[in-house]
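Working notes for the structure below.
The values are calculated or read from the model by the stated rules, or taken from the named source; none is laboratory data. This one's a predicted model, so the numbers in the text were calculated from it and none came from an experiment. Cβ placement follows ideal geometry from the backbone for every residue including glycine, while neighbour counts extend to all protein chains displayed.
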Amino acid sequence: MRIEIRTTPEEKQRWQAIAENKGVSLSELVRSVLGGQRLRKRRQPPKIDPDLLRELARIGNNLNQLARAANRRKPVPATSLLVRLIEIDRELSALRAAHERPADAD
């Protein structure tokens, strides 16, 4: 549903500046004020290193292949499965260590 209101250009500009400062749209600002809700500033999602995403996708593909084989009930020798899972665990640990933020960065 759409509701229109009349305002001066100055009021609209001021309201838009408030909304931008809060990180929300003008509609969200108006709804929160009229609804008596407190408006919280939106947090920007953290930037993610594209190399990290590619590496995680590669590891995820390996896990999918193992899961697919298990779901098809294909015989997968337990030792080779265990070896592959240990490799994946090591890769994830290395990635975590390489991309961990220092504790005082927050």
Suppose we filter the stretch 2-21 for residues that are in contact with a Leu (Cβ under 9 Å, 6 or more places away or on another chain) and either exposed (fewer than 12 other Cβ atoms within 10 Å of the Cβ) or not charged (D, E, K, R) (or both); how many remain? 4
Which pairs have Cβ atoms under 8 Å, sit 6 or more apart or on different chains, and link a residue in the stretch 25-39 that is under 15 Å from ILE5 (Cβ atoms) to one that is exposed (fewer than 12 other Cβ atoms within 10 Å of the Cβ) and of a type outside the set (Lys, Arg)? ARG31/GLN37
ILE5, sole failed condition from (1) modelled with pLDDT of 85 or more; (2) part of a helix (DSSP H, G or I): (2)
